[in-house]
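The values are calculated or read from the model by the stated rules, or taken from the named source; none is laboratory data. Since the structure is predicted, the reported quantities are computational estimates derived from the model, not experimental observations. As a convention, Cβ positions derive from the backbone with ideal geometry for all residues, glycine included, and neighbour counts pool all protein chains shown.
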Amino acid sequence: MQSWVRANKGFLVFVMLFGIFRTAVADWNPIPSASMHPNLLEGDVVFVNRLAYNVKVPLTDIVLRRTGEPQRGDVVTFSSPQDGMRLIKRIIALPGDRVEMRDERLIINGQAAAYDALPDGTEQIDKVGQLVAVQLREKAGNAEHRIQLLPQVNARRDFAPVTVPPDMFMMLGDNRDNSQDSRYIGMVPRALLIGRAERILASADIKGNWLPRTERFGQSLYGQP
């Protein structure tokens with residue numbers, strides 16, 4: 001064993017450094033579910049900047065230094081406060097914000113979000129079939145992005161006003177009626193943020209023919225039409 005280690009020392013050092021880089025600096029995150037439709041699709045692989053908000057001790061949630069402030073509208077990866085599973089959602093409300101939802105419409109600090117209709121899409125739900133997906137452009141403050149609604153399914157479309165505690169964030173999926181987010185798992189502490197998702201590195205149609213979707217390669221997650 002010792003001789004094998006000596007013979008492969010360079011490779012082992014590379015693997016160790018690569019692991020540290022991925023857990024502390026930059027990472028990639030495959031998209032396994034429909035919770036961020038229409039902006040992220042199953043089979044997308046997104047680049048995650050782990051230094052966007054915090055410098056952490058590798059492989060832990062111990063924050064050494066803050067590097068930036070999360071903003072409303074950021075797409076972030078984080079560890080679920082419920083079970084530790086890695087999730088990707090969008091920041092909807094910041095510490096101190098008072099937020100509520102009425103019939104799918106957000107009200108943040110007394111200001112109702114604005115909604116513009118976009119062409120409808122479709123959504124395939126297991127054991128249900130293909131549904132019409134209502135797509136809208138949501139604008140809340142400076143944050144503007146597409147969302148999707150599925151009127152035919154049961155979902156949590158309302159919640160009473162709540163104030164986001166210090167150092168915590170409210171996360172919602174862009175696919176509002178098909179997302180396990182802060183409506184179910186609660187607010188997310190800053191220490192559980194992993195990083196800011198920046199762009200799509202690569203994409204393949206894993207729900208269909210598995211062919212690459214080259215038109216999505218390199219696509220930014222912000223400023224989409």
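Data overview
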read-out	value
Answer residue from region 114-147, given it is in contact (Cβ under 8 Å) with a residue 24 or more places away in the chain and among the basic types (K, R) and is nearest to L172 (Cα to Cα) among those	R146
Residue within region 202-218 that is without any contact (Cβ under 8 Å) to a residue 40 or more places away in the chain and either surrounded by 17 or more Cβ atoms within 10 Å (Cβ to Cβ) or within 30 Å of T67 (Cβ to Cβ) (or both) present	yes
So R90, is it over 15 Å from the mean Cα position of the chain (by Cα), part of a strand (DSSP E or B) and farther than 24 Å from P212 by Cα	no
Some residue of region 211-225 being over 28 Å from V55 (Cα atoms), modelled with pLDDT under 95 and of a type outside the set (A, V, I, L, M, F, W, C)	yes
Any hit, region 158-170, residues being within 25 Å of G129 (Cβ to Cβ), at pLDDT 95 or above, surrounded by fewer than 18 Cβ atoms within 10 Å (Cβ to Cβ) and not basic (K, R)	no
Residues of region 118-145 that turn out to be under 24 Å from I91 (Cβ atoms) and exposed (fewer than 10 other Cβ atoms within 10 Å of the Cβ), as a count	1
Single match in V5, V15, V45, V25 (criterion: more than 23 Å from A93 (Cα to Cα), at pLDDT 95 or above and either among the aliphatic types (A, V, I, L, M) or exposed (fewer than 12 other Cβ atoms within 10 Å of the Cβ) (or both))	V45
Answer from A93, A117, A113, A52 - the residue that is hydrophobic (A, V, I, L, M, F, W, C), touching a Phe, Trp or Tyr at 6+ places or on another chain (Cβ under 8 Å) and modelled with pLDDT of 95 or more	A93
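Every residue, every condition in (1) of a type in the set (D, E); (2) free of Cβ contacts under 8 Å to residues at least 24 places away in the same chain; (3) in contact with a strand residue (DSSP E or B) (Cβ under 6 Å, 6 or more places away or on another chain); (4) under 26 Å from S179 (Cα atoms), yes or no:
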site: K56; (1), (2), (3), (4): no, no, yes, no
site: P70; (1), (2), (3), (4): no, no, yes, yes
site: F78; (1), (2), (3), (4): no, no, yes, yes
site: R90; (1), (2), (3), (4): no, no, yes, yes
site: A93; (1), (2), (3), (4): no, no, yes, yes
site: G96; (1), (2), (3), (4): no, no, no, yes
